Every structure is written in structure tokens, then in C-alpha cells.
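The values are calculated or read from the model by the stated rules, or taken from the named source; none is laboratory data. The model shown is predicted, which means the values in this text are computed figures rather than measured ones. Methodologically, a virtual Cβ is constructed for each residue, glycine included, from the backbone with ideal geometry; neighbour enumeration extends over all protein chains shown.
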Amino acid sequence: MFSKILIANRGEIAVRVIRTCKKLGIQTVAVYSEADADSLHVKWADEAYLIGKPRVSESYLNIEKIIEVAKETKAEAIHPGYGLLSENPMFARRCEEEGIVFIGPTADIIASMGSKIESRKTMVEAGVPIVPGISFPLQDVEEAVKTAETIGYPIMLKASAGGGGIGMQIVKNEEELRKSFEGNQKRAASFFGDGAMYLEKYIENPRHIEIQLLADHHGNYVYLWERECSIQRRHQKVIEEAPSPFLDEETRRKMGETAVQAAKHIGYTNAGTIEFLVDEQKNFYFLEMNTRLQVEHPVTEEITGLDLVEEQLRIAAGERLRYTQKDIQRSGHAIEVRIYAEDPKTFFPSPGTITVFQLPEGEHVRNETAVTNGMAVTPFYDPMIAKLITKGENRQEAISRMLQALDHYQIEGIKTNIPMLKEVLSHPEFQAGHTTTHFVNTHLYKSLEK
């Protein structure tokens, strides 16, 4: 096992990684920007180093500075968390070049799965079902129009290098496609440095269900059941749960085995997630692969009893998986909500100073945050400030505990999305398990469909 690792991230995920490292007796090195000097991850780490100004381009995305700190502190490995550099193949490659273990898959695998077009091609080769569409970048809007005619409307216009809903739009006819193509292309180029666009058939009333995987360097693979992440706003997840209220045991098994089949095909190692769209008939289609730890990993930990960060560390250190597929049992039901510093009606960020911050407590309540009283929420970073997880013997109990916990969640000084979360959780359709990706638009805010 490693004796010291650097955490190339910030906020709650950095704190989350530090917690597991402390349990395992691993020394931790934090990096931080000027805006995060008083952050919890800086206080909790054994060592902490300032790496730049508040903007991520001048701090958390500065590959060479992070590598420099890792070498200076003699860190044996780097945990990238999620977001930021976690799926940057150049960063993984620089770690490899410097003899620093990157806690994740290889740079080549990250690159191949980072392109949605290339990953579609790879999944076809692996025998994994994909959404009908194309697996090549569109040259211009005219080619897009011709291609859409062969696929059939409605279609989903998507950025190859996209994420978080950026460069993505549902298109119902040629007129909408012509209006939206260049705008989405420019947004993708601006956010990701890659304006390549492609088209997929739009699946009506889908569920967003993903399979968590673990794979070691000795050819062993397991899936840790599924998470349903269908409650989204602007194509970004806000509520996740495990297991899915929609799947039957046969579909659950097929999805898990298909995800392992895909991971074996590409020679994947460490923790990863295969995301699927699932239609009303329980047909499932590959959406993308996330080559990192997911924001929503705690719900999997709650139903399996595993510590996924510990598993990542053990795999990266060369250890074999300690269990086979039949050993992976699940118990109860877990729900996670993402708490954002944002207006609950518009979802616009709400930066400011937190004057009161009081977390709910309880045997079945789990808090993941790096926020404290008096801390400023700046406009420089993602507005997610915390995650709240509850567990019950069944789904209804988990929901009830979540609503009680949110009632006791106190945040003042900024706006948060807690009212919206409570509205979703209390809705009869959510409680009945009718959770498609259109839930928020259909039942709460129709104005947010675009």
C-alpha cells in the first residue's frame, strides 16, 4: 500500500479521499488555490501547498505545478477525485512519465472513453448495445440535416467531448436542428476545446441507470449493482439512488454483465462506471463511460458496505480484488441528494458567505461536505457544496429519512436547491418510482426543457 498520496482536487471529494487515507494510515498532500486557503481539505491533509490563483486554469488544472508538488513531497500516487483533471489523459500520462501512480485507468483508456464518438465505436466492437445514431463527427449543419433524416426525429444533438449537458440538445425537426447546431458546436469548443458534434436517436421517457465497476490489474472484474440517476436538471444529476426502483433482477444482472463485458474488452482497471439509457421496455443502451469515481458513489457504498476509495487505492497499489461477483451482496436502499448554492427556481449559482451551516444527524444519515460556518462560496467553482445520503431498509424508508434530514439542514447566507429537492422527494410520482429523466421538466419546471 502507498505511504503518501497527493489529492489533485478540492472540496468534499478531497475531504472524502482524506478520510479513507486516514483510516488506512496513508499520509495525504492537499493542493489549493488562493480562494481555498481556509477549506477543510487543506486543514485535514497532512500537508498542503498553494498552487495558484482562484481560477481553475491557474490552479487545479495546472498539471505541471501539481506534478511538481507531488515530486517535491515524494507522493507515490495521485488521486484525481472527479471533475477537474480526473479524466484528462495528458495528466494521467504525465504521472506515468514521472513514475507517479495515477489512481485510475491508463491514459490511453481515458482518452478512448473521453470521446463519445470513439467510445460508441468501441462499445459496438465489444457487443454492447448503443443508442441508434452515428459514430463519426459531423462536418457541418448540412451533413447534420441529412444524417438526421436517416435516423429520424426526434434526435439528440451531442458534443463528442461533452459532459454536464453542455453542447447537448433535443431536436424535434430540421428547423430546430439548423438553429441549434452552430450554437452547441461553439459551446462545446469553448468548454472542451473540441467542437465535434454527432447525433443519436432520442429515446422517449428514458431512465439514466449506471453500473459501478471495479477491475484490478490481474484480470478480475466485478460490478457493484446499479444506481439510478434519472432526476436531473439541464441534463445534470441532482438525486441518485440505489438500487433502481425500475429494474427487475434479470435486467439488473444483464446490465451488470454487459458492463463487465465492456470493461474487459478495453482492459479497464480501477473504479469506473458504465452509464446506460433504459427505455420503457427495459431495453438498455450505452451512453458513456466515466473513467473515475462518481459523485454519486456513496449510494453504492451504502448498499454494498464497501469503501470505493479504499478499493481504488488497493487496486492502484497492485492488490487483487478481495471478492468475486457472488460475494457482492446488496442490502437496503440508499438515496443521495446534491446540495447546490443556487436559486431553487432558476438554478443560477448563488455565491456568498455562509452565515449558518448546521448539518442533520442520525444513524442512517451521511454528510459529505467541505463547508463550514463563515465560509465563502465563490463563483470560481462548481456550486455543489455538499451531498446528503440516507439509507433505509426499503426505498420508502430512505425517502422518509431524507425528507426529515432536509428539514433539519440549516444553511443561511446563500440560496440553495433544498426546497426543490424536497419538492421532488415529496412528489407522488417520485414516491411511486416513476423517475424518468424528464421528471423535473414534466412535474416542476417546464421552462427548463431547453
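Mind listing whichever residues of the stretch 215-234 are buried (at least 17 other Cβ atoms within 10 Å of the Cβ) and under 15 Å from the mean Cα position of the chain (by Cα)?
In the first step, residues of the stretch 215-234 are kept if they are buried (at least 17 other Cβ atoms within 10 Å of the Cβ); the result is 215-216, 221-233.
Result: Glu226, Arg227, Glu228, Cys229, Ser230, Ile231, Gln232, Arg233.
Which of the residues that make up the stretch 333-390 are of a type in the set (Gly, Ala, Ser) and either surrounded by fewer than 19 Cβ atoms within 10 Å (Cβ to Cβ) or assigned to a strand (DSSP E or B) (or both)? The answer is Ala334, Gly352, Gly362, Gly374, Ala376, Ala386. Scanning the stretch 236-267 for residues that are surrounded by 17 or more Cβ atoms within 10 Å (Cβ to Cβ) and either farther than 24 Å from Glu302 by Cα or not assigned by TED's automatic domain parsing to the domain that holds Ser331 (or both) returns Ala262, Ile266. Residue-level analysis places Lys71 outside the set of residues that are under 20 Å from Ala259 (Cα atoms), more than 21 Å from the chain's Cα centre (by Cα) and not assigned by TED's automatic domain parsing to the domain that holds Tyr381. On inspection, Lys172 passes the criterion of being free of Cβ contacts under 8 Å to residues at least 40 places away in the same chain, surrounded by fewer than 17 Cβ atoms within 10 Å (Cβ to Cβ), of a type in the set (Lys, Arg) and assigned by TED's automatic domain parsing to the domain that holds Val145.
Considered as a group, the residues in the stretch 290-320 that are more than 18 Å from Ser3 (Cα to Cα) and of a type in the set (A, V, I, L, M) include one that is surrounded by the most Cβ atoms within 10 Å (Cβ to Cβ), and that residue is Val299.
Within the stretch 74-81, is even one residue outside the structural domain of His217 (by TED's automatic domain parsing), in a helix (DSSP H, G or I) and at pLDDT 95 or above? No, the conditions are met nowhere in the stretch 74-81. Does at least one position in the stretch 265-278 carry a residue that is without any contact (Cβ under 8 Å) to a residue 40 or more places away in the chain, assigned to a loop (DSSP other than H, G, I, E, B) and more than 13 Å from the chain's Cα centre (by Cα)? Looking through the stretch 265-278, none of the residues is without any contact (Cβ under 8 Å) to a residue 40 or more places away in the chain, assigned to a loop (DSSP other than H, G, I, E, B) and more than 13 Å from the chain's Cα centre (by Cα).
Being in a loop (DSSP other than H, G, I, E, B) and within 23 Å of the chain's Cα centre (by Cα), is that true of even one residue in the stretch 18-37? Within the stretch 18-37, not a single residue is in a loop (DSSP other than H, G, I, E, B) and within 23 Å of the chain's Cα centre (by Cα). The single condition among (1) within 20 Å of Glu204 (Cα to Cα); (2) surrounded by 14 or more Cβ atoms within 10 Å (Cβ to Cβ) that Ser115 does not meet is (1). Remark: pairs (first residue in the stretch 418-439, farther than 11 Å from Ser230 by Cβ; second residue among the basic types (Lys, Arg); Cβ separation under 6 Å; 6+ apart in sequence or on different chains) are absent.
State all residues of the stretch 266-300 that are more than 30 Å from Ile339 (Cβ to Cβ) and of a type in the set (Ser, Thr, Tyr); if no residue qualifies, say none. Passing the criteria: Tyr268, Thr269, Tyr285. Against the conditions (1) in the same structural domain as Lys65 (by TED's automatic domain parsing); (2) more than 18 Å from Thr269 (Cβ to Cβ), Gly183 satisfies every one except (1).
Within the stretch 42-58, is there a residue that is among the aromatic types (Phe, Trp, Tyr) and either surrounded by fewer than 16 Cβ atoms within 10 Å (Cβ to Cβ) or part of a loop (DSSP other than H, G, I, E, B) (or both)? The answer is no, given that none of the residues of the stretch 42-58 is among the aromatic types (Phe, Trp, Tyr) and either surrounded by fewer than 16 Cβ atoms within 10 Å (Cβ to Cβ) or part of a loop (DSSP other than H, G, I, E, B) (or both). Scanning the stretch 22-41 for residues that are surrounded by fewer than 24 Cβ atoms within 10 Å (Cβ to Cβ) and either acidic (Asp, Glu) or farther than 15 Å from Val69 by Cβ (or both) turns up Lys22, Lys23, Leu24, Gly25, Ile26, Glu34, Ala35, Ala37, Asp38, Ser39, Leu40. Filtering the stretch 279-300 to residues that are assigned to a loop (DSSP other than H, G, I, E, B) and more than 23 Å from Gly219 (Cα to Cα) leaves Asp279, Glu280, Gln281, Lys282, Asn283, Val295, Glu296. For the stretch 64-94, the set of residues classified as among the hydrophobic types (A, V, I, L, M, F, W, C), in contact with a helix residue (DSSP H, G or I) (Cβ under 7 Å, 6 or more places away or on another chain) and either surrounded by 21 or more Cβ atoms within 10 Å (Cβ to Cβ) or within 17 Å of Ile5 (Cβ to Cβ) (or both) consists of Ile67, Ala77, Ile78, Leu84, Leu85, Phe91, Ala92, listed by residue number.
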